[in-house]
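Enquirer: Could you have a look at this structure, given as structure tokens, before my questions?
The values are calculated or read from the model by the stated rules, or taken from the named source; none is laboratory data. The structure presented is a predicted model; accordingly, all values stated were derived computationally and were not measured. Every residue, glycine among them, receives a Cβ derived from its backbone with ideal geometry; neighbour counts consider all protein chains shown.
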């Protein structure tokens, strides 16, 4: 009797596990959760704009996949990892969300990616920056789409040296993120034959950069690298203009800058800043067409790379469901790695084994006010950086499940 | 001698000057706090939000009405001060008979509301306020490049602080104010309308915060969170100085700005915390604060 | 008393059954904050000291226990104890500094000191800055009970919470607590009666910090992460809000307040900055209209109906 019931239990368990895998679309609907910062420091560069981009992807896909409807939900994690984790858990356990998209703030990314991995769901990171998301903390069902801090550091560092900016001084935000950014950039600079003259660690967050800018000026380095982000970068650039740093011949390199930051600074202040970006709305006809559609829904703003990345990632995810014939995470993840990414956002992008989507990056310089012909005409593209050159090569991977395979 | 520690003396002067400029903000803000505390016995947690409001009013005036910096320097403190008067009349007034902590809690709640409203309206990354055309550019002082605008900030804050001090120490109005702080009932008996004096003082203190906001607008990004982090540092400044004297809070403000500036050169890692460390040390040696009366 | 005899078993039964009805992670979060608020209330409600920097103990203990569990591989109970002890030490030092002043100065000093802890946590390498300490293992309780299951974790949290509450009640009800109340009512008189009031205040401060640390350490285990959120001054403000909303100086007030505030955070998460505005508005309404808090008002209503006497003065009446 006892044995029989145990057998029954085991059978039931096996069935319970097997059934979702066989079903085409679990719960008869594909639910996309956009989890990001709707009100805090990152809300302008992702926020509601990312939700709109995801909705556009769903509409362009036809609103249905494998004959089942697609739904979009969204939430604000307020940049608190516990709230993010809470929402993710509840979405998956209670609301049957199949994929979580966007994810700014590395702390939230790490927490949610782990949850998605444990519960076998896909997560598509667009705004999150850290390279560890596809290295030390990689996940077989986690994808990193738009950029990472390694690619930005390497792109800007290498390119600036090639253009003659071979001596550097860093203003570094004094926490893990800033230190990493400085380290990756310094490596790229030295590898390309440049030299790092020094660096100063400023507190985070920091209002007044004048003292640090003076130290940077005294170093006589040709390039001042801003290893910080968001409000810190904005303040540093603004105050550098005030102190006439750029006019005096030094160049500023922003290591993590979004077009929304430039918009907020204004061209007069930001001109001359060199940045690496994963996307620029005014690159070609295709990017312009999509961006103008998005812009019409977002009060005339133009999309950041993070927002455009959300569209591309969602589209690719839906295509992978179509190809796999199911929304089961592992099957979809497999297809996502097989299909190349070809849309307005990326040409011949490929999703690597570690979850990194490798695509070409752009090195851009902020235009002078007199060169800007229409609203949001901000960047002059200096160079296209091939994806394989920009991203951390897979041979240097620290991703545990790839290391095991080796 | 200075070269021994790796910093040429001229660069050091530059850094000290920069510190003084930041000290100007601490001074104006802690002056307002001290004034309000003196008469109302309320620690105005909304001070940071009102500083932010000052910057935003200036920005709004410029962008929607085309009103320039100089007029904003007068208008913004008036507008924000009037708003402060409204708050005092409608809410703060009801708490005077209670423990002072309730005033702190109320103003904390108000600060959250104001900050939240502006985050909803204008997002977080903030707006840029241009330096007024007359004050763009700067002078090469030999040892550093001094942006004209920063020089103006130091000069103007000194004028404001000294002016306030003169009004309070040397005029009749000021003597009423000081007397009202010591013994409100007696002053009332002399036929002076103390509640109105309290209201106006609050309005003035808030106006000072808004003034600091307008001064800060061209230097920092005008953003909803600009006041929140500032106010905690200013609290520490106030604890160090002790709120007993007007001059004390001004001098402490400038001195701590200077100290912070020097920390940025010698040990930048600690520049965020140095003021708090000083606060701890002062508490150990002179708990009432450098210029405070022992309670 | 009669209220307690019926009320407590009912509450206990509710607490035991709750995870089968409500999402357990939400309950655990609320319990962590409830303990945090109770610890804070020990100081505000019974000694009359408003600390505006309790996030320092809560958040720093979270970091320590997360680090202990993840990097040193300690079990959950040891991590919890270590977090508590750290918060206790921190509380001892900060309390020693802060009790030199009272009233508004005390609030500002605690706020400034906690801001210092915040900056330390941003910079220190072991906290991993903005990333926080992630994927903290919940481990096995005493090496036996697997806590990865939400249900067993919930009961563990519940036990710790009740223990914390009992400690607070014991402290408040003891002669020690009587002295604290005497200090709250009239410190000079307590001094003249021969009590070393500073020593009592410091003890209360340390105990409060330690329990706030327990709550923080527990939260780190529940969410398996420790982040800057918990050391930020916003968290200090939230715990004040919880206590004020629920009822300063009542035993269950902070618990009620914590559940309400956590519910607001969770269920209004989509509304973004509105959460801050709502919190601010609650502050204003509480301070202006019902200073006894929800539980306080109910108790007062109950008392008045039974005694039909004049109302007790609301807390904080008079200087």
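Enquirer: Looking only at region B:93-111, count how many residues are over 20 Å from the mean Cα position of the chain (by Cα) and more than 8 Å from chain C (Cβ to nearest Cβ).
Expert: 2
Enquirer: Does residue C:5 fit the bill of being in contact (Cβ under 8 Å) with a residue 24 or more places away in the chain and out of contact with any helix residue (DSSP H, G or I) (no Cβ under 6 Å at 6 or more places or on another chain)?
Expert: no
Enquirer: Ok, one more. Here are some conditions: (1) away from every other protein chain (no Cβ under 14 Å); (2) closer than 18 Å to residue A:358 by Cα; (3) part of a helix (DSSP H, G or I). Residue A:306 meets all but one. Which one does it not meet?
Expert: (1)
Enquirer: Got a sec? Which of C:280, C:316 is touching a helix residue (DSSP H, G or I) at 6+ places or on another chain (Cβ under 8 Å) and at pLDDT 85 or above?
Expert: One residue alone meets the criteria, C:280.
Quick grid of which residues meet (1) at pLDDT 90 or above; (2) surrounded by fewer than 23 Cβ atoms within 10 Å (Cβ to Cβ):
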site: A:220; (1), (2): yes, yes
site: A:223; (1), (2): yes, no
site: A:236; (1), (2): yes, no
site: A:245; (1), (2): no, yes
site: A:257; (1), (2): yes, no
site: A:260; (1), (2): yes, no
site: A:281; (1), (2): yes, no
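Enquirer: Here's another thing I want to ask about it. Does region B:94-113 contain at least one residue that is touching a residue at least 24 places away in the same chain (Cβ under 8 Å) and more than 22 Å from residue B:200 (Cα to Cα)?
Expert: no
Enquirer: Okay, next question. Pick from B:76, B:82: which is modelled with pLDDT of 95 or more and over 17 Å from the mean Cα position of the chain (by Cα)?
Expert: B:82
Enquirer: Can you tell me which residues in region C:97-119 are modelled with pLDDT of 90 or more, part of a helix (DSSP H, G or I) and either more than 7 Å from every other protein chain (Cβ to nearest Cβ) or closer than 14 Å to residue B:288 by Cα (or both)?
Expert: C:97, C:98, C:106, C:109, C:110, C:114, C:117, C:118
Enquirer: Collect the residues in region A:375-391 that are outside any helix (DSSP H, G or I) and closer than 15 Å to residue A:276 by Cα, keeping them in residue-number order.
Expert: Correct list: A:378, A:379, A:380, A:381, A:382, A:383, A:384, A:385, A:386, A:391.
Enquirer: Condition test on residue B:215, is it under 23 Å from residue B:44 (Cα atoms), more than 14 Å from every other protein chain (Cβ to nearest Cβ) and not in a strand (DSSP E or B)?
Expert: Taking the combined requirement at face value, the residue does not satisfy it.
Enquirer: Quick one: would you say residue C:79 is under 26 Å from residue A:180 (Cα atoms), in contact (Cβ under 8 Å) with a residue 24 or more places away in the chain and in a helix (DSSP H, G or I)?
Expert: no
Enquirer: Condition first: in a loop (DSSP other than H, G, I, E, B), on the phi < 0 side of the Ramachandran plot and surrounded by 23 or more Cβ atoms within 10 Å (Cβ to Cβ). Now tell me which residues in region C:212-249 satisfy that.
Expert: C:225, C:227, C:248
Condition check ((1) under 26 Å from the mean Cα position of the chain (by Cα); (2) in a loop (DSSP other than H, G, I, E, B); (3) at the interface with chain B (Cβ under 9 Å from one of its Cβ atoms)) across all residues:
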| position | (1), (2), (3) |
| --- | --- |
| A:205 | yes, yes, yes |
| A:235 | yes, no, yes |
| A:238 | yes, no, yes |
| A:256 | yes, yes, no |
| A:261 | yes, no, yes |
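Enquirer: Mind checking which residues of region B:53-96 are closer than 14 Å to residue B:217 by Cα and not in a helix (DSSP H, G or I)?
Expert: Once the filter is applied, which keeps residues that are closer than 14 Å to residue B:217 by Cα and not in a helix (DSSP H, G or I), region B:53-96 yields only B:68.
Enquirer: Given the options C:293, C:249, C:257, C:280, name the one that is farther than 27 Å from residue B:49 by Cα and within 14 Å of another protein chain (Cβ to nearest Cβ).
Expert: The match here is C:249.
Enquirer: Is it the case that residue B:163 is assigned to a helix (DSSP H, G or I) and within 14 Å of chain C (Cβ to nearest Cβ)?
Expert: Considered against the rule, which asks whether it is assigned to a helix (DSSP H, G or I) and within 14 Å of chain C (Cβ to nearest Cβ), residue B:163 comes out as no.
Conditions (1) touching a helix residue (DSSP H, G or I) at 6+ places or on another chain (Cβ under 9 Å); (2) within 11 Å of chain A (Cβ to nearest Cβ); (3) modelled with pLDDT under 90, marked per residue:
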residue	(1), (2), (3)
B:237	yes, no, no
B:252	yes, no, no
B:257	yes, yes, no
B:260	yes, yes, no
B:265	yes, yes, yes
B:271	yes, yes, yes
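Enquirer: Which of (1) within 14 Å of another protein chain (Cβ to nearest Cβ); (2) more than 23 Å from residue B:237 (Cβ to Cβ); (3) touching a residue at least 24 places away in the same chain (Cβ under 8 Å) is the odd one out, the single condition residue B:70 does not satisfy?
Expert: For residue B:70, the exception is condition (1).
Enquirer: I'm told residue A:275 meets every condition in (1) assigned to a helix (DSSP H, G or I); (2) in contact with a helix residue (DSSP H, G or I) (Cβ under 9 Å, 6 or more places away or on another chain) except one. Can you identify the failing condition by its number?
Expert: Condition (1) is where residue A:275 drops out.
Enquirer: Further, regarding this structure: Among the residues of region C:218-245, which ones are touching a residue at least 60 places away in the same chain (Cβ under 8 Å), away from chain A (no Cβ under 14 Å) and either more than 12 Å from the chain's Cα centre (by Cα) or farther than 29 Å from residue C:177 by Cβ (or both)?
Expert: Hits for region C:218-245: nothing passes.
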